[in-house]
Amino acid sequence: MSDNPVFDRIRDDITSNDVVLYMKGTPVFPQCGFSATVVQVLSHIGVKFKGIDVLADPGLRQGIKDFASWPTIPQLYVKGEFVGGCDIIREMFQSGELQELLKSKGVAVTQAA
């Protein structure tokens with residue numbers, strides 16, 4: 001597919017999981033406030049997601065930034081598509097747009113917009 005094993009790993013993660021959050025730390029123990037905010041939003045609306053700790057792998061930490069052409073972490077992917085970072089996710093949640101996006105992609109949420 002490519003000659004970049006980090007990109008191959010990212011493609012595999014985002015295609016084999018409906019919702020993936022590349023973050024600092026884990027969903028149980030976030031290592032930065034921005035990651036913690038996105039975890040709180042996803043947990044609040046009841047979305048099941050895979051959290052991937054970029055601090056555990058420096059190659060992945062830089063690779064995900066290059067993959068998405070997005071300079072910051074966390075990064076949220078839904079059904080293989082990059083959605084955004086902390087500020088975008090928070091704004092989408094507050095407007096109800098995040099819940100609508102998830103539902104339109106067939107991802108179960110327990111809290112409506």
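Quick check on region 20-38. Is at least one of its residues assigned to a loop (DSSP other than H, G, I, E, B), modelled with pLDDT of 95 or more and hydroxyl-bearing (Ser, Thr, Tyr)?
Taking region 20-38 as the starting set, the residues that turn out to be assigned to a loop (DSSP other than H, G, I, E, B) are 24, 26-29, 31-32.
Now drop any that are not modelled with pLDDT of 95 or more, which leaves 24, 26-29, 31-32.
Filter once more, keeping what is hydroxyl-bearing (Ser, Thr, Tyr): 26.
Yes, there is a match, as at least one residue in region 20-38 is assigned to a loop (DSSP other than H, G, I, E, B), modelled with pLDDT of 95 or more and hydroxyl-bearing (Ser, Thr, Tyr).
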* Take the residues in region 21-77 that are out of contact with any strand residue (DSSP E or B) (no Cβ under 6 Å at 6 or more places or on another chain) and among the basic types (Lys, Arg), then tell me which one is farthest from Lys103 (Cα to Cα). => Arg61
* **Those residues of region 63-87 which are over 16 Å from Asp13 (Cα atoms) and either in a strand (DSSP E or B) or free of Cβ contacts under 8 Å to residues at least 40 places away in the same chain (or both), in sequence order** => Ser69, Trp70, Pro71, Thr72, Gly84, Asp87
* To do: Determine if region 13-27 includes at least one residue that is more than 14 Å from the chain's Cα centre (by Cα) and surrounded by fewer than 19 Cβ atoms within 10 Å (Cβ to Cβ).
  => no
* **Members of region 10-62 that are free of Cβ contacts under 8 Å to residues at least 40 places away in the same chain, aliphatic (A, V, I, L, M) and over 21 Å from Glu91 (Cα atoms)** => Val28, Ile52, Val54, Leu55, Ala56
* Leading residue by the ranking (surrounded by the fewest Cβ atoms within 10 Å (Cβ to Cβ)) among those in region 78-113 that are more than 22 Å from Ala36 (Cβ to Cβ) and under 12 Å from the mean Cα position of the chain (by Cα) -> Glu81
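The values are calculated or read from the model by the stated rules, or taken from the named source; none is laboratory data. Given the structure is predicted, the values throughout are model-derived calculations rather than measurements. A quick note on method: Cβ atoms are made from the backbone with ideal geometry, for glycine too, and the neighbour counts reach across all protein chains shown.
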